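Structure record follows, encoded as structure tokens.
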Protein chains: 2
Amino acid sequence: MLDRFREITTKLELSDYVIDEIRAGVDAIFASNDSNELKMDALKATGEDSLAKVLNAYLQSLGFNATYLNPRDAGIVVSDTPGSAQILEESYKNLYKLRDREEIVVIPGFFGYSKSGKLITFSRGGSDITGSIVAAGVKADLYENFTDVDSVFCVNPTIVDNPKEITTLTYKEMRELSYAGFSVFHDEALIPAFKANIPVCIKNTNNPTGIGTIIVSKKEPQLNPVVGIASDTGFISIYVSKYLMNRELGFGRKLLTILENEGISFEHTPSGIDDISVIIRESSLTKEKEERIIARIKEELDPDYVSVERDLALIMVVGEGMDSTLGLADKATHAFNKAQVNIEMMNQGSSEVSMMFGIKSDKVNDAVKSLYEIFFG
Amino acid sequence: MLDRFREITTKLELSDYVIDEIRAGVDAIFASNDSNELKMDALKATGEDSLAKVLNAYLQSLGFNATYLNPRDAGIVVSDTPGSAQILEESYKNLYKLRDREEIVVIPGFFGYSKSGKLITFSRGGSDITGSIVAAGVKADLYENFTDVDSVFCVNPTIVDNPKEITTLTYKEMRELSYAGFSVFHDEALIPAFKANIPVCIKNTNNPTGIGTIIVSKKEPQLNPVVGIASDTGFISIYVSKYLMNRELGFGRKLLTILENEGISFEHTPSGIDDISVIIRESSLTKEKEERIIARIKEELDPDYVSVERDLALIMVVGEGMDSTLGLADKATHAFNKAQVNIEMMNQGSSEVSMMFGIKSDKVNDAVKSLYEIFFG
């Protein structure tokens, strides 16, 4: 690891002092009396921490007024749970004081410190979550996040060539899109920024002048309310029918309880009067779980009929403001019909951030291409 | 009541013997030592019982080989719960013996007898339920039910003038239709016939030569898979959204539990990734219940946003076999668009017996007319 950093510092013409500091840090971790768990967390954090030090040194070498600030000194206080830090509320008050700083403050991501002063890493989301926490703490006007793509595309670029880019996206839209293949961001990383109402701009590290994609709480109504089309395969549907189901208080709740007992999250529950389907990710189900679930449904709900349908794909047509635009469902269903794809399921809530369609997996590319053509072509 | 019966028997030129028998029956009820509850049940049953006696006498006077058979003698054994009889399984074995009878057997509807020999009435469905039970017991080829309409229409005749009649309907289709305005039959009355797989023919008492509508378990695929369009108003939607709801195991189940605790059946639960709507009948909700439900949702589910949308209408496009027909969703959504009606909600399960659309109540007639035009025009 040190060789890699030396390569970087040499290229950036920085003094060896940075490398010496990193080496001293690693040596100190091994020499400490901390538990192996804590040592592991400290080692995992070394990469992010060292990069912050390198960046800070580089900024200074360019003449910027920059300071490296350790998360402890920044006041990022987390739970005492190595490998899965939870941010503590007091951090935000501590961070707010950073507003008084006039220099560029470089804070390494991915870790904070427990009240007893131990380094603890976050479980997921890496630096993104620290960025989001700091932005929320200082009540930033904007949180710029540099990643490796120019912007978020309105459709999966492996299905449609050179699709349009999304310039503005709401949090809700991003969630609906990220659900099915749009994994630019780790969702949980955005929670602090989302709660503090701070816009997030996703930019490309290798093309910083590109406009990127900005994620906001609210946006102006658009001429075309559809911002993107997401799709994912690997779903199954459990179908249950029973004469007079509709009159049976608690039927749906009991069905969901059976799934919950097996630790299964459901995705959607389209229903008729006497039937209900529960759509779940096939990956969340083992053969044994499936058998237990079906057996319990038969025993506890006494249905007329139960079946499992496999190889389903879900397609989400996403956009806030779809609720005030006439004819969008007409357009979307027409796209499926044009592509000769049968719609197995439809689901659209009163929010109308999205319309969900369930189809057979082998038709997903045909359907997505046809939808793209109709909404963005 | 006796005067009304005397009028009938006089017109049918029947002997006074029938009237004397009815009077003796009523006198016996008042003279008995039974509880008031049981006396009430016996009195309620007098109307149906007397009509069966009158019908039997009339059939005999026309020269038919007919017999009046009391439910006790027919073997209709029910639970000892006055006003809400539940049929006991042994009844079906008893009734099967009636197959040996060569004459027309006239059995009054609406009541059976407990094991201790007391007369007990059914709670709902009147004679329909007895007819359904007897048909199941004798394993009939057909259960003809005489009502006051020629047949079931494919759409509400108060919305569309002279709509088409439905000749064949499956049980599932009838259930979906009867849900929203097609209340020809009391659903529960059909359970025994449904379970025994017996076709039910609905005919008009005043036009017995009309072909009526036949309800079957299965039917051949049709050229137009849509059999009917049902609609009803008076629905509300409770909308709940929460960032990352989708990751929260048990969220939907908890929401349904809150409703169940208030005794509320939900109709549909369209959902997005981070939001879910529960559609319920406004009549099932009091102001107090609504307030308690909203308060519990806020407290127990910690959502970002909760709202209630009122004045919703549901429209069901119904037909078995819709699942194998391409383009039906396209046709349906096009009908809404043509009528300039915005679709607030869509829901279609994997069964595809129906597609459900939620719209604003004041647009329901426009939408139904447009759908009728497209599917039956």
- prompt: Within the stretch B:166-181, can you find the residues that are surrounded by fewer than 19 Cβ atoms within 10 Å (Cβ to Cβ) and modelled with pLDDT of 90 or more?
  reply: B:Thr167, B:Thr168
- prompt: Taking the stated definitions as given, is A:Glu102 within 28 Å of A:Asp141 (Cα to Cα) and surrounded by fewer than 15 Cβ atoms within 10 Å (Cβ to Cβ)?
  reply: yes
- prompt: Looking only at the stretch B:261-292, which residues are β-branched (Val, Ile, Thr) and within 14 Å of chain A (Cβ to nearest Cβ)?
  reply: B:Ile264, B:Thr269, B:Ile273, B:Ile276, B:Val278, B:Ile279, B:Ile280
message: So for the stretch A:27-40 (the condition being of a type in the set (Gly, Ala, Ser) and surrounded by 14 or more Cβ atoms within 10 Å (Cβ to Cβ)), does at least one residue qualify?
response: no
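Let's see how each residue does on (1) within 14 Å of chain B (Cβ to nearest Cβ); (2) under 17 Å from A:Val227 (Cα atoms); (3) polar (S, T, N, Q):
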residue	(1), (2), (3)
A:Ile107	no, no, no
A:Ser116	no, no, yes
A:Ser132	yes, no, yes
A:Ser151	no, yes, yes
A:Thr167	no, yes, yes
- prompt: What is the one condition in (1) under 27 Å from B:Lys363 (Cβ atoms); (2) touching a strand residue (DSSP E or B) at 6+ places or on another chain (Cβ under 7 Å); (3) not in a strand (DSSP E or B) that B:Lys298 does not satisfy?
  reply: (1)
query: Hey, among the residues in the stretch B:318-373 that are more than 7 Å from chain A (Cβ to nearest Cβ) and in a loop (DSSP other than H, G, I, E, B), which one's modelled with the lowest pLDDT?
result: B:Glu352
statement: Screening B:Lys242, B:Lys195, B:Lys254, B:Lys203 for residues that are touching a residue at least 24 places away in the same chain (Cβ under 8 Å), in contact with a strand residue (DSSP E or B) (Cβ under 7 Å, 6 or more places away or on another chain) and of a type outside the set (Gly, Ala, Ser) leaves only B:Lys203
message: So, in the stretch B:338-349, exactly how many residues are crowded, with 18+ Cβ neighbours inside 10 Å, touching a residue at least 24 places away in the same chain (Cβ under 8 Å) and either over 26 Å from the mean Cα position of the chain (by Cα) or closer than 19 Å to B:Gly319 by Cβ (or both)?
response: 5
query: From the set of residues in the stretch A:265-295 that are of a type outside the set (A, V, I, L, M, F, W, C) and part of a loop (DSSP other than H, G, I, E, B), which is surrounded by the fewest Cβ atoms within 10 Å (Cβ to Cβ)?
result: A:Thr286
Selection from the stretch B:237-260 of residues that are modelled with pLDDT of 90 or more and more than 10 Å from chain A (Cβ to nearest Cβ): none
query: Which numbered condition trips up A:Val184, out of (1) among the aliphatic types (A, V, I, L, M); (2) at pLDDT 90 or above; (3) farther than 22 Å from B:Tyr305 by Cβ; (4) in contact with a strand residue (DSSP E or B) (Cβ under 9 Å, 6 or more places away or on another chain)?
result: (2)
message: I'd like the residue in the stretch B:299-316 that is away from chain A (no Cβ under 11 Å) and surrounded by 16 or more Cβ atoms within 10 Å (Cβ to Cβ) and, out of all such residues, is farthest from the chain's Cα centre (by Cα).
response: B:Pro303
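The values are calculated or read from the model by the stated rules, or taken from the named source; none is laboratory data. Keep in mind that what you see is a predicted model, and the values were worked out from it rather than measured. For neighbour counting, all protein chains shown are included, and Cβ atoms are generated from backbone atoms with ideal geometry for every residue, glycine included.
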